[in-house]
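Just so it is clear, none of the values below were taken in a lab; they were calculated from the coordinates. Quantities reported herein were computed from a predicted structural model and do not represent experimental measurements. When we count neighbours, we look across all protein chains shown, and the Cβ atoms used for this are built from the backbone with ideal geometry, even at glycine.
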Amino acid sequence: MQKTRGLIPALSVCTIPRSECQPDQPLSFRIVKYKIKNADASGSEFINTNLQGSRFHDVNLSSAEFVDVNLSNTNFEDVALTNVTIRNANCSHMVLEDACYEGMLIDGIPVTELLRVYQNQQA
């Protein structure tokens with residue numbers, strides 16, 4: 001294997017000779033820790049990838065697809081979730097604070113209506 005510099009600055013990737021490349025097969029390699037800044041990685045795929053403890057700041061994930069993803073113990077702050085659909089989700093112990101609920105539905109019921117009924121019952 002020869003070691004070459006990838007397209008991402010400061011990221012070294014071990015590669016195999018082009019003659020041994022199989023275009024239909026994804027590359028598999030271990031990267032200990034790296035930082036990507038001001039990059040366009042649109043259309044990328046992360047399959048069976050450990051991003052535990054990663055930090056995402058000022059990142060555009062619009063139109064991204066998340067399937068079989070573990071987001072437990074994750075914090076979201078200043079996040080746009082407009083027109084997002086969450087299906088088959090475990091929301092136990094989930095907290096929403098200081099959020100806009102306009103048009104938000106839970107099992108087809110407007111959240112603003114649920115909150116209004118709850119607040120009337122508490123009065």
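Things worth noting here:
- Model label points for Asn48 and Ile109, set 7 angstrom from Cα along the Cα-to-Cβ axis, are 4.2 nm apart.
- Net lengthening on full extension, Asn70/His57 (0.36 nm per residue, minus Cα-Cα): 2.8 nm
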